[in-house]
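Data first, discussion second: the structure below is written as structure tokens.
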Amino acid sequence: MMNVERRSLLKGMALGGLAGAALGSSSLSLANSVLGPSAQPQAASLAIVSAPVAVSAFVQGLRASPAAPQVQVIATGLDLAMLQDLQQRLASGQSQRLIGLVDDASAALIVDLARSAGARVQWLGQHSASAGHSRHRLLSAQASHGCALQLGQQLNRCGHGFELHEQRLHSLAPALQLSAANRSQSGDQWAATLGYALAVLGSTDTGQAPLIASRPSALTGTYVSFSIHV
């Protein structure tokens, strides 16, 4: 079990941004082909979200996906009990996929636990959102290629202003860069679109996240998304 000192260190690292703890870490092993050439896409089984995300459009978008009935959503601050439960899930030997949208410090802990358990990270994203505009810095393995493009296309379609940069690991394809000016009043559309896209990642689904009406408390700030295959 990760001791208190190590958890405190990781949280401290994350306060400076995930770049130092995960996204910028050359030691993070994202698999080139997470599921293997003959494996079926793995449906998400658990979504871990921070408390503000639990009442946001991220969960609304996830719930609108075909994968929704199979996904358990847990809102957490990643206390010791939750860390123990997560470690047990990662060590269970059961094939599963964990997705989520959490704060930087929680993401550093989750990624470290996943890496220690030998799980494969398919997707990591750092998202910064303000009213009517969002920025997305993404790392993807082969299994999640196409998710970033889907995210960008849907944000552009709904009129949400955004900037998106995706680095594709183990790929000769150039980095994906997309942007668009804001043409909508819905500041939460990025969260709904991301929730839907992560839920169906790796599948052949071509659906779209629901359009989100303007909300008085849109999800703003900096968050980290992930998809981890155990």
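The values are calculated or read from the model by the stated rules, or taken from the named source; none is laboratory data. This structure is a prediction, so every number in the text was calculated from the model and none was measured. No Cβ is skipped: glycine too gets one built from the backbone with ideal geometry, and neighbour counts run over all protein chains shown. Ligands, DNA and RNA are stripped out before the accessible areas are found, and what is left, the full protein with its side chains, is counted by its heavy atoms. Shrake-Rupley method; radii C 1.70, N 1.55, O 1.52, S 1.80 Å.
A few notes on this one:
- Scan of the stretch 75-85 for residues that are among the aliphatic types (A, V, I, L, M) and either in a loop (DSSP other than H, G, I, E, B) or open to solvent by 30 Å² or more (accessible area, probe 1.4 Å) (or both), ordered by number: 75, 78, 80, 81
- Contact annotation: residue pairs with Cβ atoms under 7 Å, 6 or more positions apart or on different chains, pairing a residue in the stretch 79-105 that is over 23 Å from residue 143 (Cα atoms) with a partner that is part of a helix (DSSP H, G or I) and among the basic types (Lys, Arg), are 105/11.
- Candidate set: the stretch 157-197, residues that are among the polar types (S, T, N, Q), surrounded by fewer than 20 Cβ atoms within 10 Å (Cβ to Cβ) and within 19 Å of the chain's Cα centre (by Cα); chosen: the one modelled with the lowest pLDDT: 167
- Residue within the stretch 52-64 that is assigned to a strand (DSSP E or B), of a type outside the set (Asp, Glu) and either farther than 24 Å from residue 212 by Cβ or in contact with a strand residue (DSSP E or B) (Cβ under 8 Å, 6 or more places away or on another chain) (or both) present: no
- Screening residue 72 against (1) touching a strand residue (DSSP E or B) at 6+ places or on another chain (Cβ under 7 Å); (2) surrounded by 12 or more Cβ atoms within 10 Å (Cβ to Cβ) leaves a single unmet condition, (2).
- Scanning the stretch 43-61 for residues that are open to solvent by 10 Å² or more (accessible area, probe 1.4 Å) and either of a type in the set (Val, Ile, Thr) or closer than 23 Å to residue 202 by Cα (or both) returns 43, 45, 55, 59, 60.
- Filter pass, residue 94 being surrounded by fewer than 23 Cβ atoms within 10 Å (Cβ to Cβ), on the phi < 0 side of the Ramachandran plot and modelled with pLDDT of 85 or more: no
- Residue within the stretch 94-112 that is within 18 Å of the chain's Cα centre (by Cα), among the β-branched types (Val, Ile, Thr) and closer than 30 Å to residue 182 by Cβ present: yes
- Summed over the stretch 127-146, the residues that are assigned to a strand (DSSP E or B), touching a Ser or Thr at 6+ places or on another chain (Cβ under 9 Å) and open to solvent by less than 40 Å² (accessible area, probe 1.4 Å) give a count of 6.
- Residues (at pLDDT 85 or above and aliphatic (A, V, I, L, M)) located in the stretch 54-67: 54, 55, 57, 59, 62, 64
- Residue-level check: of (1) in a loop (DSSP other than H, G, I, E, B); (2) in contact (Cβ under 8 Å) with a residue 24 or more places away in the chain, residue 192 misses just (1).
- The stretch 97-126 - residue that is polar (S, T, N, Q) and surrounded by fewer than 24 Cβ atoms within 10 Å (Cβ to Cβ) and, of those, modelled with the lowest pLDDT: 116
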